[in-house]
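Below is one structure, written out as structure tokens; comments come after it.
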Amino acid sequence: MRILLVEDERKVASFIARALRENTYAVDVAETGRKALELGADVPYDAILLDVRLPDLSGIEVCRELRQQGIEVPVLMLTARGLVEQRVEGLDAGADDYLTKPFVLAELLARVRALVRRGFHSGNARLSYADLILDRHRRRATRDKETIPLTSREFALLELLLLRAPELITRSEIVEHVWDCHFDSETNLVEVYINRLRQKIDQDRSVKLIHTIRGVGYRLGTPGS
Ligand code: CA
């Protein structure tokens with residue numbers, strides 16, 4: 001899950017970003033409306049949290065522009081308390097929901113979960129390849145109808161592999177999408193997680209789905225695909 005947070009107040013932005021990261025979302029922060037438009041057009045986010053008051057374009061203009069470009073990502077608008085017009089304008093501009101500042105973190109997280117779920121309803125809640133199925137809504141994986149228990153990191157990694165299947169995904173893309181931090185590229189964290197997934201998904205099965213492309217990355221697919 002990757003989220004774009006658009007907020008120019010650094011303290012607020014880092015507070016929200018930290019909370020989202022603790023909940024295993026990957027977060028990009030944009031401090032201006034223009035940066036938000038640039039990133040929104042480039043990166044397939046699962047949700048955008050958009051502050052109305054920004055130094056250049058307003059959040060409302062940003063939202064309108066994203067929609068005009070055909071970008072359907074769910075948008076949660078962060079508005080000032082008491083300004084009803086701002087909320088109406090935001091919703092008219094194509095926002096899916098709004099939250100008035102100041103808000104309680106638990107509520108923000110609940111809204112984000114709801115927003116991401118809503119995005120799945122309109123898109124692909126169920127990802128599958130061969131007999132492997134990932135239900136993103138129920139957060140459940142099965143292979144040949146057998147439930148596979150996954151941690152949230154393993155889930156995020158499998159989700160990414162399935163979204164790209166049967167194509168290759170590079171190690172650095174995995175790091176960027178699943179861990180969000182730019183840790184030392186020499187670390188073997190990706191390998192560790194791939195091996196855990198392999199044990200859960202491929203062990204004792206005749207058809208292996210996770211393949212290593214030596215020196216480059218991994219792909220999910222049947223051997224000949
Ligand atoms: Ca602001």
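Against the chain, whose longest principal axis comes from its Cα atoms, helix 33-42 is set at around 30 degrees. Note on segment 15-62: Rg/Rh from C-alpha atoms, Kirkwood Rh, equals 0.97. The Cβ shell under 15 Å around G217 holds other residues with a net charge of +1, Lys and Arg each +1, Asp and Glu each -1. A Cβ-based charge dipole, computed about the Cα centre of segment 126-220 with Lys and Arg at +1 and Asp and Glu at -1, lands at about 380 debye. Among G70, G40, G94, the largest mean-square fluctuation in a Gaussian network model of the chain (Cα springs under 10 Å) belongs to G70. In a reduced charge model with +1 at each Lys and Arg Cβ and -1 at each Asp and Glu Cβ, the chain shows a dipole moment near 840 debye about its Cα centre. For I174, I213, I16, the sequence from fewest to most other C-beta atoms within 10 Å is I213, I174, I16.
What's the center-to-center distance, using Cα atoms, between segment 56-79 and segment 159-174 in Å? First find each Cα centre; the distance between them is then 28 Å. The mean sequence distance of close C-alpha pairs (under 8 Å, at least 6 residues apart), as a share of the length of segment 12-73, puts its relative contact order at 32 percent. So what's the angle, to the nearest 10 degrees on a 0 to 90 scale, between helix 189-201 and the longest Cα principal axis of the chain? So the inclination is approximately 60 degrees. Each principal axis of the Cα cloud of the chain was taken in turn, and the coordinate range along them, longest first, works out to 60, 36, 32 Å.
Taking the chain as a Gaussian network of alpha-carbon nodes connected by springs under 10 Å, the highest mean-square fluctuation of the residues Y45, Y193, Y25 belongs to Y193.
D for segment 2-119, whole µm²/s, Stokes-Einstein with Kirkwood Rh over alpha-carbon pairs at 4 °C and 1.567 mPa s: what number? Don't skip to the end; give the middle numbers.
Values: Rh = 13.8 Å.
Translational diffusion coefficient: 94 µm²/s.
Put simply, when 101-111, 57-67 are sorted by average Cβ atoms within 10 angstrom per residue, most first, you get 57-67, 101-111.
Sorted by average packing, counted as other Cβ atoms within 10 angstrom per residue and highest first, what order do 86-92, 152-158 take? Each step should come with its number before you reach the end.
Details: 86-92: 17.6, 152-158: 19.4.
Result, highest mean Cβ count within 10 Å first: 152-158, 86-92.
Scaling against 2.2 N^0.38 Å puts the C-alpha radius of gyration of segment 126-220 at 1.02. Taking Cα centre as origin and charging only the Cβ of basic (Lys, Arg, +1) and acidic (Asp, Glu, -1) residues, the dipole magnitude of segment 1-129 rounds to 480 debye.
Rule-based calculations on the coordinates, nothing more; no lab input. The shown structure was predicted, so the numbers you read here are calculated from the model rather than taken from an experiment. With ideal geometry, Cβ positions are generated from the backbone for all residues, glycine too; neighbour counts draw on all protein chains shown.
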